[in-house]
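Peer 1: My questions will all concern the structure given below.
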Ligand code: BES
Ligand code: MN
Ligand code: ZN
């Protein structure tokens, strides 16, 4: 989509959107042409449209100077026009644009909307995302034009929304496309492309390097697949020379069958989403430099596949981690924490100011919090609060879950230093995080469990089918805070 800014309405074709706040003043409606005003008066008189946030009113107008289709879009009360509302309104308008065959669209930006242009455009652009990239017969793609009608200079806001949206689409593709297309090598290729384009440092470890370093947990998980394991490391230096880096670790399980603790039908089908954490970290690096973020950031993405064959790891196997700790595998489906543990040990060596893990770590987080809130856990409350705040600002909501000492003891093993699961069903997300904590060595650490939020088959108005990229904007805002 191509966004243009017009000082006054010039388009004669396509669709014209007129936003209407339910308590709009005469002044804010003054800019509308008389045809728009008279339609608004008519629908209001007939009580068909009051400007409520879910309302639309559509008509065709005969005019030589205006687009022929006119859509009034309710925006709710002015005082309720928050960042979240702006995103929602943008998405609703965006959905109409995505489904309409017109080429040109025009939208009035009223003074009441000035504070949340970025969010409005984020919603509007993200609704254009298409999940059908792998259909062989595609509709002809035409570049749609969106005219924003405003007297203000909003070039910076448009740029910001476009940049963030590019990262969002990138993450969605990685998560939506299946494991036979997006495998560990594909992620490695993308990491290298991003590094080349932005002049970041990059390293891609394969089986040989990982074995030499002793990443026994990660390699144990990957044993059942014919593909090589990878770990991608990206390094961006936007901060001061001696400033401690922030390390982002993202789970990259390209497909999670559960291993010999095999997932059943209805649970296994969408497990290509299990690299969403890793995809999110790649998405951050895709735009870090362009957004001019002034931090030193290191991304670590362990990428493996949890399959079954004659070499696959078994429940009861004892694996030796990169840290030296031994782990009894009580459940091969608790594989995320295993690969993250080795990646965390690697990340800790940079002596980071903060280490953030983001992962589709548990299904339990979706049971506890549903599909709107990611779980957030860690060993440092101020860091957790900063991340929660960044999530609130970006619309990626989180809610804290506890990590009490007696829960942590549930991971003690009789035969190894610890085990990866306790065979129970209580507080599964806390238990997963408790495992990670054993490897952070006191580093300020925060864990975001996106197991319930990364992927949806019932998208909300602000989402598209499949991947949500939940956590991407949160991390970007966090790095900017
Ligand atoms: N990748 C899954 C978690 C998951 C489930 C993410 C559904 C998204 C949607 C993870 O590896 C897993 O299998 N977790 C198990 C842990 C259990 C065996 C301790 C779970 O949550 O059931
Ligand atoms: Mn699993
Ligand atoms: Zn998994």
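The values are calculated or read from the model by the stated rules, or taken from the named source; none is laboratory data. None of these values were measured; they are calculated from a predicted model. All Cβ positions, glycine included, derive from the backbone under ideal geometry; neighbour counts span all protein chains shown.
Peer 1: Go through (1) in contact (Cβ under 8 Å) with a residue 60 or more places away in the chain; (2) outside any loop (DSSP other than H, G, I, E, B); (3) out of contact with any helix residue (DSSP H, G or I) (no Cβ under 6 Å at 6 or more places or on another chain); (4) more than 14 Å from ligand 1 (Cβ to nearest atom) and name the single condition residue 409 misses.
Peer 2: Of everything listed in (1) in contact (Cβ under 8 Å) with a residue 60 or more places away in the chain; (2) outside any loop (DSSP other than H, G, I, E, B); (3) out of contact with any helix residue (DSSP H, G or I) (no Cβ under 6 Å at 6 or more places or on another chain); (4) more than 14 Å from ligand 1 (Cβ to nearest atom), residue 409 misses just condition (1).
Peer 1: Residues 175, 118, 131: which one is in contact (Cβ under 8 Å) with a residue 24 or more places away in the chain, in contact with a helix residue (DSSP H, G or I) (Cβ under 6 Å, 6 or more places away or on another chain), closer than 24 Å to residue 459 by Cα and not assigned by TED's automatic domain parsing to the domain that holds residue 16?
Peer 2: After applying the criteria, what remains is 175.
Peer 1: Those residues that are more than 21 Å from residue 270 (Cα to Cα), touching a strand residue (DSSP E or B) at 6+ places or on another chain (Cβ under 8 Å) and in a helix (DSSP H, G or I), I need them from segment 353-391; list them, please.
Peer 2: Once the filter is applied, which keeps residues that are more than 21 Å from residue 270 (Cα to Cα), touching a strand residue (DSSP E or B) at 6+ places or on another chain (Cβ under 8 Å) and in a helix (DSSP H, G or I), segment 353-391 yields 383, 384, 387, 388, 391.
Peer 1: Restricting attention to segment 274-312, report how many residues are crowded, with 23+ Cβ neighbours inside 10 Å and within 16 Å of ligand 2 (Cβ to nearest atom).
Peer 2: 10
Peer 1: Would you please name the residue that is nearest to residue 15 (Cα to Cα), looking only at residues in segment 97-114 that are touching a residue at least 24 places away in the same chain (Cβ under 8 Å) and within 28 Å of the chain's Cα centre (by Cα)?
Peer 2: 105
Peer 1: Pick from 224, 259: which is out of contact with any helix residue (DSSP H, G or I) (no Cβ under 9 Å at 6 or more places or on another chain), at pLDDT 95 or above and buried (at least 21 other Cβ atoms within 10 Å of the Cβ)?
Peer 2: Within the list 224, 259, the selection yields 224.
Peer 1: What about residue 421, is it assigned to a loop (DSSP other than H, G, I, E, B), at pLDDT 95 or above and within 16 Å of ligand 2 (Cβ to nearest atom)?
Peer 2: Yes: the conditions hold for residue 421.
Peer 1: Considering 312, 341, 364, 368, which residue is in the same structural domain as residue 215 (by TED's automatic domain parsing) and within 13 Å of ligand 3 (Cβ to nearest atom)?
Peer 2: None of the others qualify; the one that does is 364.
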